[in-house]
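Colleague: Here you go, one structure.
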Amino acid sequence: LPQHKPHIFKSLDKAGVLYRTKTADKGKRLRKNWSSSWTVLEGGILTFFKESKHLSSSSLKHPSMLTTPEHTVDLRGAAVSWAPKEKSSKKNVLELKTCDGSEFLIQHDSEPIVATWQKVITDSISKLVRG
Ligand code: I3S
């Protein structure tokens with residue numbers, strides 16, 4: 001895994017599978033479309049990769065599909081918090097708002113997993129503020 005490309009993983013903060021949906025794009029509300037996603041936090045950027053159902057035979061023939069980000073979120077000026085109840089009927093939901101008016105909901109059935117993501121995203125945002 002990381003051994004052959006250590007420079008890429010040097011500043012990896014966290015990675016894992018989360019459930020997520022984008023709910024706004026530059027201020028425009030979007031219809032929710034929940035899906036699971038391989039999620040990577042690295043260097044102030046949160047990247048949601050396409051979900052594992054895309055790891056089909058075609059993606060094995062075209063390996064670039066395996067690494068195509070679906071959303072790349074710049075955390076500079078972003079805010080993350082526990083989502084208010086009315087945002088979703090799901091449990092353990094985080095709301096991430098970017099400075100350009102995009103919004104995401106992030107969820108996992110495990111509370112400690114979501115709490116850990118909240119902490120690492122918050123830490124990353126404050127690191128960006130400090131420069
Ligand atoms: O905020 P909403 O509209 O209750 O969100 C639900 C919808 O996105 C729904 O899809 P349809 O609009 O195709 O019915 C999803 O299946 C639900 O998961 C969404 O609600 P939750 O409470 O799970 O975020």
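Colleague: If you go through segment 109-118, how many residues are surrounded by 13 or more Cβ atoms within 10 Å (Cβ to Cβ) and either more than 22 Å from Arg130 (Cβ to Cβ) or within 12 Å of the ligand (Cβ to nearest atom) (or both)?
Modeller: 3
Colleague: Taking into account only those residues within segment 82-108 that are within 18 Å of Phe48 (Cα to Cα) and surrounded by fewer than 16 Cβ atoms within 10 Å (Cβ to Cβ), which is nearest to the ligand (Cβ to nearest atom)?
Modeller: Gly101
Colleague: Restricting attention to segment 21-43, and to residues there that are closer than 18 Å to Asp74 by Cβ and in contact with a Phe, Trp or Tyr (Cβ under 6 Å, 6 or more places away or on another chain), which single residue is farthest from the ligand (Cβ to nearest atom)?
Modeller: Of everything passing the filter in segment 21-43, Thr39 is farthest from the ligand (Cβ to nearest atom).
Colleague: While we're looking at this one, here's another question. Just wondering, is there one or more residues in segment 34-55 that are at pLDDT 95 or above and farther than 22 Å from Ser126 by Cα?
Modeller: Within segment 34-55 (the criterion being at pLDDT 95 or above and farther than 22 Å from Ser126 by Cα), the answer is yes, since at least one residue qualifies.
Colleague: For segment 66-75, which positions are modelled with pLDDT of 95 or more and either within 16 Å of the ligand (Cβ to nearest atom) or surrounded by 15 or more Cβ atoms within 10 Å (Cβ to Cβ) (or both)?
Modeller: Val73, Leu75
The values are calculated or read from the model by the stated rules, or taken from the named source; none is laboratory data. Worth saying up front: this structure is predicted, and the values here are computed from it rather than measured. Don't worry about glycine lacking a Cβ; one is built from the backbone with ideal geometry, like all the others, and counts go over all protein chains shown.
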